[in-house]
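As structure tokens, the structure follows; a few thoughts come after it.
The values are calculated or read from the model by the stated rules, or taken from the named source; none is laboratory data. All figures in this text were calculated on a predicted structure; none of them were measured in a lab. Cβ: placed from backbone, ideal geometry, glycine included. Neighbour counts: every protein chain shown.
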Amino acid sequence: MGVLSALRPAAPDRRAIVSVQVLRFAAAAIVLFAHLEDRLGGFGDRYGFVYRKVGFAGVFGVEIFFVISGFIMLHIGWGKFGAPGAVGDFFRHRVARIVPLYWTLTALQIALALVLRDAPDRVNPANILKSLLFIPYLSEMGKHRPVLEQGWTLNFEMLFYLLFAACLVAPRRFGIAALGAVLALGGMARYFGVHAILLDPLLLLFLAGGALALVRRRLPRLLNFPYALPAAFVLIVVATTVVHDPLAHALFAILVVGLAVLCRDVAADLPGMRWLVAGGDSSYSLYLSHGFVLLVVGTAWRKLFGADLLPVYAAAVVVGSLALAWICFVFIERPLSRWTGARLARRGPQARKPAPPPSAEWRREAPGASRPGRTGALPHDEVGVGEGEA
């Protein structure tokens, strides 16, 4: 009974921006569907039929994650610029949030590769070390892919966190200006002939998210548009089924997140909202773990059914991925994040002040939350991350 109780989603926190959590779930689902479509196309290539793709682009889910990340980091970090110990606190929270699950699933990926003797050139000591330390490199296929392929987005996240932390040492006005300038220069570097893996236009999405945080703080009150979340989903559907231009996808991602953070939030007690928020809670686990479900279900399906019953295969992948993500979140991600956060807090300069667990820190009151027309706490953990076109 204890296990069943642990698996039951809690009611959404009324102080949180529910729409942001729902969008995190949607972003991770886009990545899942994009990879599922790739596998269905693989079935077609293997068994000689044409699979007509809907056109899910995993990178669109990534772009939503990055905009959310830029927004959240600046919003919750608003009062931390120039504060003593802010850099250390920020990094401890980020490490506790991202590293434990990523390292755990990377270890599982390494074990599977060794057992299945899959891609021995990719799983070597140098690549393993670079992957664990978020050092980008190009795979043997010429792609920016660590051992656990979805981790390529975490390399961008870590770069953003490094830049953000460096700017925390300055007063807020100068820190934000410096952060914006560096992100803008990094995002446009390729247009000036400067090429590096992480000098990518994707960096501009973090900048766009930060801009949304600034706009939100300057609004006298949030916009009264009760259909903001449905409108965001309409934009997501259009972007995944009709629009296939990379620049348009980026603009759609900014619009989607803007609807969520600049308009009054959706009611947390709406029917089904508990499950959508739970999907947002487990979106990091879904993003990192769904590849294992695709591998296991796909291998078993080819041996048992070949190309038959593919709709059932697709349903099995989706249900299995959601179930594994929630189990992973409840029994691996959340406990490991809490344990790591507690350990790092004891080593920090303010060890005498117990730090809240990273998985719950987004429920704290955010700066400016008590002002009229503003919502309360924000999700501190973006992670994002979804994968592009792996």
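For the structure I just gave you, tell me whether LEU212 is over 20 Å from SER19 (Cβ atoms), surrounded by 15 or more Cβ atoms within 10 Å (Cβ to Cβ), among the hydrophobic types (A, V, I, L, M, F, W, C) and in contact with a helix residue (DSSP H, G or I) (Cβ under 6 Å, 6 or more places away or on another chain).
No.
Which members of segment 43-79 meet the condition of being of a type in the set (Val, Ile, Thr) and under 11 Å from the mean Cα position of the chain (by Cα)? Step through it out loud before you land on a result.
Just the residues of segment 43-79 that are of a type in the set (Val, Ile, Thr), to begin with: 50, 54, 59, 62, 64, 67-68, 72, 76.
The answer is VAL62, ILE64, VAL67, ILE68.
Assuming GLY151 fulfils every condition listed in (1) small (Gly, Ala, Ser); (2) assigned to a helix (DSSP H, G or I); (3) surrounded by 13 or more Cβ atoms within 10 Å (Cβ to Cβ); (4) over 17 Å from the mean Cα position of the chain (by Cα) apart from one, which condition is it?
(4)
Can you tell me which residue within segment 254-275, out of those that are farther than 21 Å from ARG218 by Cα and among the charged types (D, E, K, R), is modelled with the lowest pLDDT?
Within segment 254-275, the match that is modelled with the lowest pLDDT is ASP269.
Would you mind stating whether LYS130 is over 21 Å from VAL59 (Cα atoms), among the basic types (Lys, Arg) and within 24 Å of the chain's Cα centre (by Cα)?
Here the answer is yes, as LYS130 does meet what is asked.
In this structure, does ALA177 turn out to be within 22 Å of the chain's Cα centre (by Cα), surrounded by fewer than 19 Cβ atoms within 10 Å (Cβ to Cβ) and over 30 Å from LEU294 (Cα atoms)?
Details: within 22 Å of the chain's Cα centre (by Cα): no; surrounded by fewer than 19 Cβ atoms within 10 Å (Cβ to Cβ): yes; over 30 Å from LEU294 (Cα atoms): yes.
No.
Can you tell me how many residues within segment 20-38 are in contact with a Leu (Cβ under 6 Å, 6 or more places away or on another chain) and either at pLDDT below 95 or farther than 30 Å from THR241 by Cβ (or both)?
Final tally of qualifying residues: 0.
Could you say which residue among ARG122, ARG117, ARG172 is touching a Ser or Thr at 6+ places or on another chain (Cβ under 7 Å) and either of a type outside the set (Phe, Trp, Tyr) or modelled with pLDDT of 95 or more (or both)? Explain how you work it out, then say what you get.
On the way: ARG117 fails: touching a Ser or Thr at 6+ places or on another chain (Cβ under 7 Å); ARG172 fails: touching a Ser or Thr at 6+ places or on another chain (Cβ under 7 Å).
Every option except ARG122 fails the conditions.
Can you tell me which residue among ARG122, ARG173 is assigned to a helix (DSSP H, G or I) and basic (Lys, Arg)?
One residue alone meets the criteria, ARG173.
Select from segment 331-347 the residues that are modelled with pLDDT of 95 or more and aliphatic (A, V, I, L, M) and write down the one among them that is farthest from LEU286 (Cα to Cα).
LEU336
Take segment 102-137 and flag every residue that is within 25 Å of ALA166 (Cα to Cα), in contact (Cβ under 8 Å) with a residue 12 or more places away in the chain and of a type outside the set (Lys, Arg).
TYR102, TRP103, SER131, LEU132, PHE134, ILE135, PRO136, TYR137
Considering ILE110, ILE72, which residue is surrounded by 22 or more Cβ atoms within 10 Å (Cβ to Cβ) and not in a loop (DSSP other than H, G, I, E, B)?
Answer to the check: ILE72.
ALA6 passes all but one of (1) more than 22 Å from PHE156 (Cα to Cα); (2) assigned to a helix (DSSP H, G or I); (3) of a type in the set (Gly, Ala, Ser); (4) at pLDDT 90 or above; which number fails?
(4)
VAL237 passes all but one of (1) surrounded by 16 or more Cβ atoms within 10 Å (Cβ to Cβ); (2) at pLDDT below 95; (3) assigned to a helix (DSSP H, G or I); which number fails?
Of the numbered conditions (1) surrounded by 16 or more Cβ atoms within 10 Å (Cβ to Cβ); (2) at pLDDT below 95; (3) assigned to a helix (DSSP H, G or I), the odd one out for VAL237 is (1).
Could you look through segment 194-224, keep only residues that are part of a loop (DSSP other than H, G, I, E, B) and farther than 30 Å from LYS143 by Cα, and pick out the one that is nearest to the chain's Cα centre (by Cα)?
LEU222
For segment 250-273, state whether one or more residues are over 22 Å from the mean Cα position of the chain (by Cα), within 30 Å of PHE206 (Cβ to Cβ) and not aromatic (Phe, Trp, Tyr).
yes
Based on this model, can you work out whether LYS53 counts as among the charged types (D, E, K, R), within 28 Å of LEU336 (Cα to Cα) and assigned to a loop (DSSP other than H, G, I, E, B)? Give the derivation first.
On the way: among the charged types (D, E, K, R): yes; within 28 Å of LEU336 (Cα to Cα): no; assigned to a loop (DSSP other than H, G, I, E, B): yes.
No: the conditions fail for LYS53.
Given the criterion within 20 Å of PHE33 (Cβ to Cβ) and surrounded by fewer than 21 Cβ atoms within 10 Å (Cβ to Cβ), identify the matching residue among ALA278, ALA231, ALA248.
It is ALA248.
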